[in-house]
Amino acid sequence: MAQAPHVVILTSSGLGHVLPASELAKRLAVHHGFTVTIITYASLSSPGHSSPLASLPPGVSVAALPEVSIDDLPADAHLVTRILTVISRALPQLRDLLRSLLDSPAGITAFITDMLCPAALAVGKEMGLPGYVLYTSNLMSLLSFLYIPELARTTTCECRDLPEPVLLPGCVPLHGADLLEPLQNRSDPVYQLMIDLGRNYLLAEGFIVNTMDALEHETLLAFKELSDKGVYPPAYVVGPFTRRRCPDSDEVKHSCLRWLDNQPDGSVLYVSFGSGGTLSTAQTAELAAGLEASGQRFLWVVHHPNEKDSSAAYLGTAATDADPLSYLPDGFVERMNGTGLLVPLWAPQVEILNHVAVGGFMSHGGWNSTLETVAAGVPMVVWPLYAEQRMNAVMMSSDRVGLALWERPPLGKDRAVVPREEVAALVRELMEGEKG
Ligand code: UDP
C-alpha cells in the first residue's frame, strides 16, 4: 500500500496559533488520511491552560524543538521580538529535526509553517520541501504583512503620522495607526524583524488562510488578481477553523457553564481578551466600574494587570502567584456576586459563546475569537490591544460586517484609559440597544 502523505506543521506560541495548527492537522488526518507531525517550540509554550495538542487523533504526533535562550534580550523587548528571536535561534535544531523526518520512511510531503515562522521556509527549501504558511489571521492582515517592506522603503514617518490612509487591495482604508502594532515604532528593533518577516513570506508556495469568503470576498478577489500576476504566492482560504468544544473541556462541566445555565437567555455579556490581552491596573478598575454601572450580567475572564505591555499574558510574563481577582477594586467581587461571574485566567470560550445565556462578547478582537463569535452569532464589542487587532476592529466595525461597536481609541503611542462611562454606555448599547 502507498505510504500516506506526511505533512509537517511548525507552529509558534499562543492558543491563537496552536489551535488552528491542531485543527488543520486534525482535518488532514481525519478527512484525508494524512499523517502529520506538529513541531512546537519548548521556549514558547504558554502557561495557564492545558494544550490542544493533548487531544489529537491517531496519525498526528507532536515534536518539540529544545529550549533556546533569549535571556540576553532586554527585559522590555517586544513580545514579537522575543518570539521571532526564539524562532531564528532554533533554526539549526529545526534543520536537524526536518532532516531526520525526511530520512524516515514517511518522508515529508509538505512543510507548513505558522504565520510567525516564515524564516523556517528557507530551511525547508534547502531540502527541496514544498513550503506553505498557515496564516492564522485574515487576508487583510496578510496583505498588510506583505506590504511592510514597501511601507518601510517608501515612508520615513511613524505609521500613525501617515498623512493618507493605507489602501491595501480589496480592503477597507486603514489609518496608519491601525496597521500592525509592532510597526508603530520605527526605532524599536521589532520593526526590522517585521520587514524580514514580510520578505520571508515570499518564500512560500502558498498561504493557507483561516478566513472565509463571506467575510473577505473583495479582499480574496484582489489577492487572487495579485497572485495570478505572480506578485504574491496564492492564498487558499480554508477557514473558519472553529470548534464546537474547547480542547480543554473534560467530563467535568466548568463551573462558569453551570452558572450560565441559571441565567436568562441572551442576558450575559462575556468579557475576555484572549490568551494574551492585558489591561493596566487603572484600566481594569475602569472596566470593572463600567460593567457595574451598565447593570448587565457578565462573565469576565480576569488576567493579572500589567502597566506597560498589553500582551503581557501571552507568554505568561504577567503571571504571578497572586490571584488575578485580588487586583480588582475593593468590594467589587462581593458586590457583583449574582450579577457578574469573575473567572481567573481561562474559561472554555467556545462553549460560553454557544451558550444560550450569552448575548454579547467584549473581545480584544483576536482573529480566532472573532471567527468563533461570528460562528456563534453573538454580537461583539472589539477592544483591540495588540498585534493585528486594530485592523480586525476596523474590519468588524466597517459596514460589511458591522459587529464591532468599540469607538477606536485616540491615536498615539500610549492609549488613554477608556473611562467607565464609555464602557457602560457601550455595554448597554450592545446588550439592549439597536446596534447590538
Ligand atoms: N481561549 C479560550 N479561553 C480563554 C482564552 C482564549 O478558550 O480564556 C481561546 C479562544 O477561544 C481562541 C483562542 O484561545 O480560540 C485565542 O485566540 P485569538 O486569536 O482570539 O487571540 P490570541 O489569544 O491569539 O490573542
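Figures for the structure shown
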item: Count - residues of region 1-23 that are under 17 Å from residue 350 (Cβ atoms) and not in a loop (DSSP other than H, G, I, E, B); result: 9
item: Set 139, 116, 180, 121: member being within 16 Å of the ligand (Cβ to nearest atom), closer than 21 Å to residue 8 by Cβ and under 23 Å from the mean Cα position of the chain (by Cα); result: 116
item: Residue that is farthest from the ligand (Cβ to nearest atom), among those in region 348-368 that are in contact (Cβ under 8 Å) with a residue 40 or more places away in the chain and closer than 24 Å to residue 420 by Cα; result: 359
item: Test set (1) outside the structural domain of residue 110 (by the TED database); (2) of a type outside the set (Asp, Glu); (3) surrounded by fewer than 21 Cβ atoms within 10 Å (Cβ to Cβ); (4) within 16 Å of the ligand (Cβ to nearest atom) - residue 212 fails condition number; result: (1)
item: Lone qualifier among 235, 318 - being at pLDDT below 90 and either crowded, with 17+ Cβ neighbours inside 10 Å or more than 11 Å from the ligand (Cβ to nearest atom) (or both); result: 318
item: Qualifying residue in region 60-74 (condition: within 16 Å of the ligand (Cβ to nearest atom) and crowded, with 19+ Cβ neighbours inside 10 Å); result: no
item: The one condition in (1) at pLDDT 90 or above; (2) within 26 Å of residue 243 (Cβ to Cβ) that residue 405 fails to fulfil; result: (1)
item: Residue match in region 253-265 (condition: aliphatic (A, V, I, L, M) and in a helix (DSSP H, G or I)); result: yes
item: Given (1) part of a loop (DSSP other than H, G, I, E, B); (2) crowded, with 23+ Cβ neighbours inside 10 Å, number of the condition residue 128 does not satisfy; result: (2)
item: Residues of region 256-314 that turn out to be within 15 Å of the ligand (Cβ to nearest atom) and under 23 Å from residue 181 (Cβ atoms), as a count; result: 20
item: Flag if residue 228 is in the same structural domain as residue 111 (by the TED database), in contact with a helix residue (DSSP H, G or I) (Cβ under 7 Å, 6 or more places away or on another chain) and surrounded by fewer than 19 Cβ atoms within 10 Å (Cβ to Cβ); result: no
item: Subset of region 377-396 [among the β-branched types (Val, Ile, Thr) and away from the ligand (no atom under 13 Å from the Cβ)]; result: 381, 394
item: Residues that are free of Cβ contacts under 8 Å to residues at least 60 places away in the same chain and in contact with a Gly (Cβ under 9 Å, 6 or more places away or on another chain), drawn from region 124-158; result: 124, 145, 147, 148, 149, 150, 151, 152, 155, 157, 158
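Conditions (1) surrounded by fewer than 21 Cβ atoms within 10 Å (Cβ to Cβ); (2) touching a helix residue (DSSP H, G or I) at 6+ places or on another chain (Cβ under 6 Å); (3) not assigned by the TED database to the domain that holds residue 75, marked per residue:
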residue: 173; (1), (2), (3): yes, no, no
residue: 181; (1), (2), (3): no, no, no
residue: 203; (1), (2), (3): yes, yes, no
residue: 218; (1), (2), (3): yes, no, no
residue: 224; (1), (2), (3): yes, no, no
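The values are calculated or read from the model by the stated rules, or taken from the named source; none is laboratory data. Only a predicted model underlies this, so the values are computations on that prediction, with no experimental measurement involved. Glycine gets a Cβ as well: all are built from the backbone with ideal geometry, and neighbour counts include every protein chain shown.
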